[in-house]
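S.K.: Take this structure, written in structure tokens, and hold onto it; I'll ask about it next.
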Amino acid sequence: MAYWLFKTEPDTFSIDDLARANTLWEGVRNYQARNFLRDEVQVGDRVFIYHSSCKQVGIAGIGKVERAGFPDPFAFDPTSPYFDDKSNPEQPRWYAVELSYERHLPLLPLAALKANPALSGLPLVQKGSRLSVMPVSEAERQAILAMV
DNA sequence: GCCAACGTTGGC
DNA sequence: GCCAACGTTGGC
């Protein structure tokens, strides 16, 4: 079972929203993140939910993968802001996964994550990285959970 | 609101 | 294939 970290803007979708219902993690429009969703994220994997672009940025909880990578249906919907006319069901360009809620964590602020040497390899804390879906190693998982 | 860093686009 | 311009991300 692997661990991942997904970013989300809580004004749009937060750990509280996930706690209410499963969600399709759609709208990822970055190729590196897409490759993880399409090729590597597996059912049963756990996902640290990170709140970005808000007052308290940091890890807010954990979700669980219920459905592994499948073509992002929003890319096919002309009325969706995530529509991409270069993606089609025969040759999908973008992928989504489905998540369920596992639990909240007491917010682990970005500053604290940055200050933890065990997490220095995580793209989240690296300057300039905008990766929104990233793997979390076993050592990083332990380091994060040890901060709770 | 600012701005640095990044990814994408498009002209050549 | 290069690279400048542009739009987006995301912390502060």
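Computed from the coordinates by the stated procedures, all read-outs in this text should not be read as laboratory data. Computed from a predicted structure; not experimentally measured. Because the Cβ atoms are built from the backbone with ideal geometry, glycine has one as well, and the counts that use them run over all protein chains shown.
S.K.: Return the distance in nm (one decimal) between the two label points of a simple spin-label model at A:LEU107 and A:LEU145, each offset 7 Å from Cα along Cα→Cβ.
M.R.: Between A:LEU107 and A:LEU145, the simple spin-label model gives 2.4 nm.
S.K.: If you don't mind, there's one more thing I want to ask. Please report the relative contact order for the range A:36-80, taking Cα pairs under 8 Å with a sequence separation of at least 6, and give it as a percent rounded to a whole number.
M.R.: 40
S.K.: In addition: Given 10 °C and 1.306 mPa s, compute D for chain A with the Stokes-Einstein relation, Rh being the Kirkwood radius over Cα pairs; round to the nearest whole µm²/s.
M.R.: Roughly 102 µm²/s, to the nearest whole number.
S.K.: What FRET efficiency, computed as 1/(1 + (r/R0)^6) with R0 = 30 Å and r the Cβ-Cβ distance, is obtained for A:GLU138 and A:ASN22, rounded to the nearest 0.05?
M.R.: In this case the efficiency is close to 0.70.
S.K.: Quick one: give the max-minus-min coordinate of the C-alpha atoms of the range A:42-85 along each principal axis, largest first, in Å.
M.R.: For the range A:42-85, the Cα spread along each principal axis is 34, 30, 10 Å.
S.K.: Lysine pairs in chain A with Cα distance under 22 Å, only those 8 or more apart or on different chains: how many are there?
M.R.: Pairs that pass both the separation and distance tests number 7.
S.K.: If you don't mind, there's one more thing I want to ask. How high is the relative contact order of chain A? Use alpha-carbon pairs under 8 Å, at least six apart in sequence, and give a whole percent.
M.R.: Over chain A, the number comes to 31 percent.
S.K.: Using 0.36 nm times the number of residues separating A:THR12 and A:ARG67, minus their current alpha carbon distance, what extension gain do you get?
M.R.: So the chain would gain 17.6 nm between A:THR12 and A:ARG67.
S.K.: Which distance in nm do the two modelled labels at A:ARG29 and A:ASP85 give, with both placed 7 Å along the Cα-to-Cβ direction?
M.R.: 1.4
S.K.: Can you check what the net charge comes to around A:ILE144, using other residues whose Cβ is under 13 Å from the Cβ of A:ILE144 (Lys, Arg +1; Asp, Glu -1)?
M.R.: Local net charge: +1.
S.K.: To continue, here is another question. With +1 on the Cβ of every Lys and Arg and -1 on the Cβ of every Asp and Glu, and nothing else charged, how large is the dipole of chain A about its Cα centre, in debye rounded to the nearest 20?
M.R.: With only Lys, Arg, Asp and Glu charged at Cβ, the dipole is about 500 debye.
S.K.: Could you sort the peptides A:120-127, A:90-97 by per-residue average Cβ neighbour count (10 Å cutoff), highest mean leading?
M.R.: Listed from highest to lowest mean packing, they are A:90-97, A:120-127.
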